[in-house]
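We did not get these values from a lab; they are worked out from the coordinates using the rules stated. Not measured: the values here are computed from a predicted model. Note: ideal-geometry Cβ built from the backbone for every residue, glycine included; neighbour counts use all protein chains shown.
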Amino acid sequence: MLTVPPYDVLRRRSSEKWSGLAPGVIGATVAELDFELAPPIAAVLHEAVARGDLGYTPGVSPRLRDAFTGFAARRLGWRVDPDRLTLVPEVLIGLVELCRVLAPGGKVGFATAGYPPFLEQLPVAGFDVRHLPLRADGSFDLARLTVELRGGLRVLILASPHNPTGRVLPRAELESIAELCAEYDAWVLADEIHAPLVLPGAEFVPWLEVSEAARERGFALTSASKAFNLAGLKAALLVTASDRAQDVVRRLPFTADQVGLLGVLAAEVAYADGDPWLDALLGQLDRNRTLIGERLPAGITWSPPQATYLGWLDCAGLDLAPDPAGFFLARAKVALGPGSDYDPAGRERVRLNFGTGPELLGEILDRMTRACRS
Ligand SMILES: Cc1ncc(COP(=O)(O)O)c(C=O)c1O
């Protein structure tokens, strides 16, 4: 069911992961999948183009409403109120614009290591960005969060599941975060874009199912783009579960026609008919996770992710700081995400995108191993 195009075909892709690489380099950076599109999604997109159906998005269609609420109930254990869905062009734009309404120029925090645009774009947007370093075991540092809340943190961005660690936050940790934020009247923006990618062995808890406190001051942002590889189509969803949060949504400067129509059509079919493809994907990612565990070069360690197709690799045993990604690019012809993009203290780290087939992943691991031995 899942097919990865041959390397020379991948190299003809014009997206960020595969463009701009030197000849022979394998891309394993930005979170795009190498697999061919799920057939029902490809069909819907072809049909839309054939109809010339590329105009403005009119709003949340009844089909998207039904498909997403069904998907959320079936796969994520989340009862979504169908009247509290708002289209946004991207999760990131949704996060930034919510911050502008909730904390103009104020303190916004997120866990580090974190998704690089949080580190880059939030300061540019004028926020006083507060890093909340994760604890050594990857868990959230509640003591540090308390200090920041006392210091005036207004908004916490919570990537759940987390990128780049791939950790699925357990219910008790989410409850504690919700209680603390409620105590200081801070808002939580739950970035749940990776939720459909929870791998066997872990259980995802949606933020808006955590507690009344979480619902009262919480937003969830999600998109079909990560699990179904649709990032270029620009359609994401913002979900609320309280009147107070919904009032904030009304103050956002979006209209649906800023959202990509093809992204909406693709999301409808992904959520309605994408389960078989997604199940196959999760099976492959689980096997890839095992393969990495078996074949990671000596000197590199990791905590196997519970979700996503991202491996947060610790190269401290190889003494490659400050640029292990530069080493692997030059010596192994493998492009990895530099750890310092995710964490000011990430000089020993690289992020490996393993959203590919076992052959290419095996080649990546072989090349990395040979480079380490040399
Ligand atoms: C945690 C996280 N949030 C947001 C995004 C980007 O989502 P969007 O393209 O909808 O802004 C990513 C992409 O990898 C991500 O990992």
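Could you sort the peptides 184-192, 233-241 by per-residue average Cβ neighbour count (10 Å cutoff), highest mean leading? Before the final figure, lay out each step's value.
Numbers: 184-192: 22.6, 233-241: 24.3.
The peptides rank, most packed first, as 233-241, 184-192.
Restricting to bridges with both residues inside the chain, how much of the DSSP beta-bridge set is antiparallel, in percent to the nearest 5?
On the way: 16 of 37 bridges.
In the chain, approximately 45 percent of DSSP beta bridges are antiparallel ones.
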* **Residue of Gly218, Gly52, Gly274 that the Gaussian network model of the chain assigns the largest fluctuation, springs spanning Cα pairs under 10 Å** => Gly52
* Asked: What translational diffusion coefficient, in µm²/s and rounded to a whole number, does the Stokes-Einstein relation yield for the stretch 1-147 at 25 °C and a viscosity of 0.890 mPa s, taking the hydrodynamic radius as the Kirkwood radius over Cα pairs?
  -> 125 µm²/s
* How far apart, in nm, are two points set 7 Å out from the Cα along the Cα-to-Cβ line at Val30 and at Arg331? -> 2.8 nm
* Top of Ala245, Ala195, Ala220 by mean-square fluctuation, Gaussian network on the chain, Cα under 10 Å -> Ala245
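222 nm [θ] for the chain, helices only, -39500 (n - 2.57) per DSSP H run of 4+, per residue, to 500? Provide the component values of the computation, followed by the final result.
Values: 14 runs with 151 residues, N = 374.
Taken over the chain, the calculation gives -12000 deg cm²/dmol.
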* To do: Along each of the three principal axes of the Cα atoms of the stretch 18-99, give the extent in whole Å, ordering the values from largest to smallest.
  => 50, 37, 28
* Asked: What is the extension gain from Thr146 to Ala125, computed as 0.36 nm multiplied by their sequence separation minus the C-alpha to C-alpha distance, in nm to one decimal?
  -> 5.1 nm
* Structure fact -> Using alpha carbon centers only, the stretch 207-221 is separated from the stretch 310-341 by a whole-angstrom value of 37 Å
* Asked: Of the residues Thr301, Thr112, Thr165, which exhibits the maximal mean-square fluctuation in a Gaussian network model of the chain defined by a 10 Å Cα contact cut-off?
  -> Thr301
* Asked: Cα-based Rg of the stretch 97-180 per 2.2 N^0.38 Å, rounded to two decimals?
  -> 1.04
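For the stretch 301-374, what class follows from the C-alpha gyration tensor (a ≥ b ≥ c being the square roots of its eigenvalues): rounded when a/c is under 1.5, otherwise prolate if a/b is larger than b/c, else oblate? Show your work: numbers first, answer last.
On the way: a/c = 1.74, a/b = 1.08, b/c = 1.61.
Because a/c hits 1.5 or more and a/b fails to exceed b/c, the stretch 301-374 counts as oblate.
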* Collect residues whose amide H, placed 1.01 Å from N in the peptide plane, falls under 5 Å from the amide H of Arg130; neighbours closer than 5 in sequence don't count. => Val108, Gly109, Phe110
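Would you please calculate the Kirkwood hydrodynamic radius of the stretch 70-137 over all C-alpha pairs and express it in Å, rounded to one decimal? Don't skip to the answer; put the middle values down first.
Working: mean 1/r = 0.0711 Å⁻¹.
Computed over the stretch 70-137, the radius equals 14.1 Å.
Where a ≥ b ≥ c are the square roots of the eigenvalues of the C-alpha gyration tensor, would you call the chain rounded, which needs a/c under 1.5, or, failing that, prolate if a/b is larger than b/c, or oblate?
Details: a/c = 1.75, a/b = 1.17, b/c = 1.50.
Cα axes put the chain in the oblate bin.
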* Asked: In sequence order, what are the phi-derived ³J(HN,Hα) couplings for the stretch 134-140 according to the Karplus relation 6.51 cos²θ - 1.76 cosθ + 1.60 with θ = phi - 60°, rounded to whole Hz, with x for glycine and proline?
  -> 5, 6, 4, 7, x, 7, 6
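With all distinct Cα pairs included, what does the Kirkwood hydrodynamic radius of the stretch 127-261 come out to in Å, to one decimal, could you say? Before the final figure, lay out the partial values.
Details: mean 1/r = 0.0633 Å⁻¹.
Hydrodynamic radius (Kirkwood, Cα only) of the stretch 127-261 equals 15.8 Å.
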* For the chain, build the charge dipole from Cβ charges (+1 Lys, Arg; -1 Asp, Glu) around the Cα centre, then report which of Ile157, Trp78, Gly114 sits farthest towards its positive end. => Gly114
* For Asp273 and Glu47, FRET efficiency with R0 = 22 Å and r from the beta-carbon atoms, rounded to 0.05? -> 0.95
